[in-house]
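What follows is a short report on a single structure.
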Amino acid sequence: MTTHWSLLCSTGAFARDPDQTDYQAILHFGPRLDVDGFEVIFFSDWYRSCSSITNALATSSLSFPLLHAEKSIGPLLGSSQDTDQTLALQRLAINCQFAQTIGVHTVVLHLWGLPESDEAIERNLSALADCLTIADTYGVLLAIETIPCRHADPLTHIYQAITQDERCRVALDTEFLAIHHQIESALRSDWLWSNGSVQHIHIKDYDGQMFDTNGLRRYLHPGQGNIDFDHFFAVLKQRDFAGSISLEASAVTPDGSVDINCIQRSLVVLHNYREL
């Protein structure tokens, strides 16, 4: 018996901010990948040409069930400046409208983010209701991602969010949970799963280092790190998880080329987990 979750690929597997953000990469690489759809990352320079990108994706033959909202929104929400918070909500509205137009049903949001991380988590959480209302306006669900923290941990803040507003959904990230040694806690926390709060899961591996010796971000594909994905997916099956999972590990090489074979191999691994 197969499980019920859908398999997606993040466009971050073959694109990156700020130097490789051309939406044409989605149209080029997308048809070559065996997935149910794509999680589109809204890059920071897309605001300038949002209309043309929306049209190109909406009229393509590809499916886009998820959007990863632009990553400046969370830090702006945590700012002490009213103008920053207003800008954050305006940007979220643009992201949600974009999502609605291309057929997205769930928008993943960094409710807090770098450089301040969860320094001002109270301000971030105080904006949650407004964020959820914006998502409601455009007919999409809003899922808060378990991104790294400096002062607490992802599950602590996620618990605060979903108890604060029942409309809130959750996007787990295996790498970010592993950084905080919280993968097992996430799997065993009934409060996360009892009401279907977990809508989406990002798959990246982790071996204890997010950056290489030159300070560049590292992205590990399943099997390249220490996460026990056999156990992870076995528990998802026990939980009867019926949301979506996306490969989020980048395959952009240092010279800017894309190792499409690497993406395809990782997708085969995830396909095999789905068939268990």
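The values are calculated or read from the model by the stated rules, or taken from the named source; none is laboratory data. Everything quoted here is computed from the prediction, not taken from an experiment. Cβ atoms come from the backbone with ideal geometry, glycine included; neighbour counts cover every protein chain shown. SASA here: full protein model, heavy atoms, side chains in, ligands and nucleic acids out. Shrake-Rupley method; radii C 1.70, N 1.55, O 1.52, S 1.80 Å.
Kirkwood hydrodynamic radius for the stretch 133-276: how many Å is it when counted over pairs of different Cα atoms?
It works out to 16.3 Å.
Just to confirm a number: summing +1 for Lys and Arg and -1 for Asp and Glu over residues other than S79 whose beta-carbon lies under 11 angstrom from that of S79, what do you get?
Taking every Cβ under 11 Å from that of S79, the sum is -3.
Would you work out which of I183, N195, M210 lies farthest towards the positive end of the dipole of the stretch 174-213, given +1 charges on the beta-carbon of Lys and Arg and -1 on that of Asp and Glu, about the Cα centre?
Result: N195.
Carbon and sulfur together cover what percent of the accessible area of the stretch 136-186 at a 1.4 Å probe radius?
Carbon and sulfur: 47 percent of the exposed surface of the stretch 136-186.
For F38, which sequence-distant residues (separation of 5 or more, or a different chain) have an amide H within less than 5 Å of its own amide H, given hydrogens modelled in the peptide plane?
Excluding prolines and chain starts, which carry no amide H, the hits are C9, S63, F64, L66.
If you take every residue apart from L267 with its C-beta less than 11 Å away from the C-beta of L267, what net charge results, scoring Lys and Arg +1 and Asp and Glu -1?
Local charge sum for L267: +1.
Apply the a/c threshold of 1.5 to the C-alpha gyration tensor of the chain and tell me whether it is rounded, prolate or oblate.
It comes out rounded by the Cα gyration axes.
Compute the FRET efficiency between Q90 and M210 as 1/(1 + (r/R0)^6), taking r as their Cβ-Cβ distance and R0 = 25 Å, and round to the nearest 0.05.
Efficiency, from the Cβ-Cβ distance: 0.25.
Where does the charge balance sit around F232 when Lys and Arg score +1, Asp and Glu -1, over other residues with C-beta under 14 Å from its C-beta?
Working: positive: R188, K204, K237, R239, R274; negative: D173, E175, E184, D205, D228, D230.
With Lys, Arg at +1 and Asp, Glu at -1, the net is -1.
With +1 on each Lys and Arg Cβ and -1 on each Asp and Glu Cβ, how big is the dipole of the chain about its Cα centre, in debye rounded to the nearest 20?
Using Cβ point charges on Lys, Arg, Asp and Glu, the chain gives about 440 debye.
Give the residue from I134, V104, G74 lying farthest towards the positive end of the charge dipole for the stretch 59-143; charges sit on Cβ (+1 for Lys and Arg, -1 for Asp and Glu) and the dipole is referred to the Cα centre.
Most positive-ward Cα: V104.
For the pair S61/D136, report the inter-label distance in nm, with labels modelled 7 Å from Cα in the Cβ direction.
4.0
Normalised by the residues of the stretch 13-92, what does the relative contact order come to in percent, with Cα pairs under 8 Å and at least six apart? Don't skip to the end; give the middle numbers.
Values: 69 pairs, mean separation 21.4, N = 80.
Relative contact order comes out at 27 percent.
Quick query: amide H of S244 versus all other amide H atoms, modeled in the peptide plane; which residues come in under 5 Å with a sequence gap of 5 or more or a different chain?
So S244 has HN proximity to S6, H200, I201.
Could you work out the relative contact order of the stretch 120-259? I mean the mean sequence separation of Cα pairs under 8 Å and 6+ apart, divided by the number of residues, in percent.
19 percent.
Take every Cα pair under 8 Å in the chain that's 6+ residues apart, average their separations, divide by the length, and report that relative contact order as a whole percent.
Here the relative contact order equals 22 percent.
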